[in-house]
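Some notes on the structure that comes next.
Just so you know, all these numbers are worked out from the coordinates, no wet-lab data involved. Keep in mind that this is a model prediction, so the values were computed, not measured. Please note: Cβ atoms are built from the backbone with ideal geometry, for glycine as well, and neighbour counts cover all protein chains shown.
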Amino acid sequence: MHSFIDHARDFPGRIAAAGEEREAFGRLAEGQSPEALFITCSDSRVIPSLFTGARPGQLFELRTAGNAVPDYAEGASGEAATIEYAVSVLKVPDIVVCGHSHCGAVRARVHGEDLAAVPAVAGWLERQLPHLPVREPGSGIDDDAQVAGSVQRHVKAQLDRLRQYPCVREGLAAGRLRLHGWYYAIDTGLVMQHDPAADAFLPL
Ligand SMILES: [Zn+2]
């Protein structure tokens, strides 16, 4: 934690010392007009700005365990509010749902891990990942490629959930909103995108 505190302490000074940065940061105070809503996992190894090159103000982020998009029928939630605000108020033209390799949430679900000690996690995964079948432990699912396949199936299911949101449905119908399904490999940095025509994830 000490290094974070030191860095944060020095941060304003470094911004002030860099002319261009100072101006760019100053303009952030005028408001935000992000270019995309980026929905991804809370996993510490997934840093959207790192692999997209996004600068402050460019990505509106929603991070949840397992990059889950709650069913619209579940009603008001922090996640639904974030999506609605991004689409209806900020009018983002693109939404990316980005799953990732070695995802602990997806692995726990498909591997049938015992989550009795973390009931909130258990409940969340049960509600948000119902489309992923729970396998018995030891069935061989603990293979990176199989988890990758489950993550990619899960990303597609989250895009379907997004389409249930009235604001998303309207945006798509009006042609002012696009949905993208991404998959990020944490060990190589490779990003793949779902190609609807091929129904496969292909390198960007
Ligand atoms: Zn994850």
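Points worth noting:
- Contact order, relative form, for the chain: 20 percent (alpha carbon pairs under 8 Å, 6 or more residues apart, mean separation divided by residue count).
- Between helix 19-28 and the chain: long-axis angle, C-alpha atoms, 0 to 90°, nearest 10: 60
- Net charge dipole, the chain: roughly 400 debye, given to the nearest 20, about the Cα centre with Cβ charges of +1 for Lys and Arg and -1 for Asp and Glu.
- Where the alpha-carbon atoms of the range 59-204 are placed on the principal axes, they occupy 48, 34, 23 Å, in descending order.
- Residues whose placed amide H lies under 5 Å from that of Phe201, excluding near-sequence neighbours: Asp195
- Helix 144-162 axis versus longest C-alpha principal axis of the chain: approximately 70°, rounded to the nearest ten.
- Applying a DSSP loop filter and a limit of 16 other Cβ atoms within 10 Å to the trypsin sites (Lys or Arg not before Pro) in the range 65-164 leaves Lys91, Arg135, Arg163.
- Helix 119-128 vs. the chain, principal-axis angle (Cα, 0 to 90°, nearest 10): 80
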